[in-house]
Structures are given as C-alpha cells and as structure tokens.
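A short reminder: the numbers here are calculations on the coordinates, not readings from a lab. None of the values given here were measured: they were computed from a predicted structure. Cβ coordinates were reconstructed from backbone atoms using ideal geometry, including for glycine residues, and neighbour counts include every protein chain displayed.
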Amino acid sequence: MLAASTLLLLATLTGYALLCTASPFGPCRKCSGLGYKLKVDRKGRLKRAKPCRRCEGQGKRLRLGRRLANHSRAIHRAGTR
C-alpha cells in the first residue's frame, strides 16, 4: 500500500514537472485567462471591465513549479560563481 501511494505521488510530481517544462505559463486564476474581469451592465449584458491586476492584462501567469525551478536555478547559479 505504501509503495503504491509512493509511486503514485512520484508519478504525479514527475507529470507536473514535465507540464511546467513544456508549458510554463497557465491561465490566470483571477480572470480565468481573459486578461480582464467581466462585469454586468444595467441591462444584464456582460461588459469588459478593467485589465486584471494579477496578470496585468496578459491572461497568463507563471506556474508555481516553474517559479520554483527558476528560483532554485538562480540560487545555484549565484552559489557557483
């Protein structure tokens, strides 16, 4: 049981690492990848509101795993100089 759960965890982490390598950017969680928030006008129609502050209107954000990989690479690079 422990070996199976360990293998499942290892497979999940490997898959996420491959995902972060292949596609480092994911959709913004705040605006759902649109780049702006939607608001409803008086007539009930959706309108475009201000650009998203989290992704600065891009609709993409750097994944957590990629951010950790970049940070660890920078620390290693700074330590070996």
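Put a dot 7 Å past each Cα toward the Cβ at Leu64 and Ala3; how far apart are the dots in nm?
Each label point is offset 7 Å from its Cα along the Cβ direction, giving 3.1 nm.
Using a Gaussian network model of the chain whose springs link C-alpha atoms within less than 10 Å, name the residue from Arg54, Arg42, Arg29 with the highest mean-square fluctuation.
With Cα springs under 10 Å in the chain, the top fluctuation among Arg54, Arg42, Arg29 is at Arg42.
So for the chain, taking the charge dipole from beta-carbon charges (+1 Lys/Arg, -1 Asp/Glu), which of Leu64, Thr80, Thr21 sits furthest toward the positive end?
My answer, from the dipole projection, is Leu64.
What span do the alpha-carbon atoms of the range 2-79 cover on each of the three principal axes, reported in whole Å from largest to smallest?
On the principal axes, the range 2-79 reaches 58, 38, 18 Å in Cα extent.
Might you report the magnitude of the Cβ-based charge dipole of the chain about its Cα centre, with Lys and Arg at +1 and Asp and Glu at -1, to the nearest 20 debye?
Values: 20 positive and 2 negative charges, 162 e Å.
In debye, rounded to 20, the chain gives about 780.
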